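The values are calculated or read from the model by the stated rules, or taken from the named source; none is laboratory data. Computed from a prediction, not measured in an experiment: that's the story for all the values here. Heads up, the Cβs are rebuilt from the backbone with ideal geometry, glycines too, and the neighbour counts pull from every protein chain shown.
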Amino acid sequence: MRHAGLFDALPFASRLTAAVIQPGPLPRIFGLSVGLDLAGQVPFHAQVWLSLTGELPTPDEAEAFSWALSLLSALHIGRCPTHAAGLARLAGASDAMLPAIAAVGLGQWGEAEQALFTAVGDWMAGRSGPPAAAIEPAPDAEVEASQERLSAATLRWFGPAGALPARPLLRPEAAAAWLLLGLGIQDAARLQIIALWARLPATLAEALCQRPGAVLQHPGRLPDYVYVEDR
């Protein structure tokens with residue numbers, strides 16, 4: 001005798017629902033063919049914008065979005081996600097696993113970074129001053145020149161009310177937060193996806209420079225420590 005189970009009793013959908021990607025020989029993203037409408041026609045960062053918002057960006061949106069991606073793109077080998085990916089490569093992680101390890105590390109980094117994005121949003125809205133975590137602790141002439149360029153560009157993109165102040169000098173991720181929030185990207189999930197996608201290529205490229213098994217090329221006392229025997 002056949003007994004009715006959970007899948008018999010509840011009205012589950014009979015098909016998957018495609019919200020962004022329409023399947024076919026040439027898939028479509030929000031109705032635009034990857035082969036006819038996007039490839040060779042739309043820069044890839046604009047295609048990412050399309051995927052996350054449902055619309056192609058305006059020229060100003062595309063320029064500001066591209067600038068934010070560049071500011072987010074580089075986490076050096078001393079930052080946790082890149083260090084983890086490099087260690088995984090050193091320890092012999094497979095080519096299939098390395099991107100997954102990097103993505104997990106970047107996702108966790110992005111989650112922790114949300115506090116910074118929230119603080120920058122409060123500053124932009126006038127609810128607080130510049131957050132301490134956003135300010136570059138050791139600015140140099142290059143940082144100053146970069147922010148001057150960005151401040152002038154945000155005046156053009158967002159108008160006087162949305163322009164980035166010339167001071168204080170910000171960390172790159174804080175400046176990127178200003179741009180993304182100014183573009184209207186507010187929800188944490190999309191902000192984390194954008195940051196992960198921006199950082200993944202350089203993070204993996206850094207990891208690939210590590211030679212599998214070359215453990216003596218990695219600092220063995222990082223951080224420094226001493227063994228203590230309790231008696």
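Could you tell me whether the stretch 8-26 includes any residue that is outside any loop (DSSP other than H, G, I, E, B), outside the structural domain of A153 (by TED's automatic domain parsing) and touching a helix residue (DSSP H, G or I) at 6+ places or on another chain (Cβ under 8 Å)?
no
Starting from the stretch 84-103, take each residue that is surrounded by fewer than 17 Cβ atoms within 10 Å (Cβ to Cβ) and list its partners that are in a loop (DSSP other than H, G, I, E, B) and not polar (S, T, N, Q), counting only C-beta distances under 6 angstrom and pairs at least six apart or across chains.
Short answer, once both residue conditions are applied: G92/P212.
For the stretch 135-156, state whether one or more residues are hydroxyl-bearing (S, T, Y), buried (at least 19 other Cβ atoms within 10 Å of the Cβ) and in contact with a Ser or Thr (Cβ under 8 Å, 6 or more places away or on another chain).
No - not one qualifying residue is present in the stretch 135-156.
Need pairs with beta-carbon distance below 8 Å; first residue in contact (Cβ under 8 Å) with a residue 60 or more places away in the chain and within the stretch 133-155, second acidic (D, E); sequence gap 6+ or separate chains.
Within 8 Å, the pairs are A153/E63.
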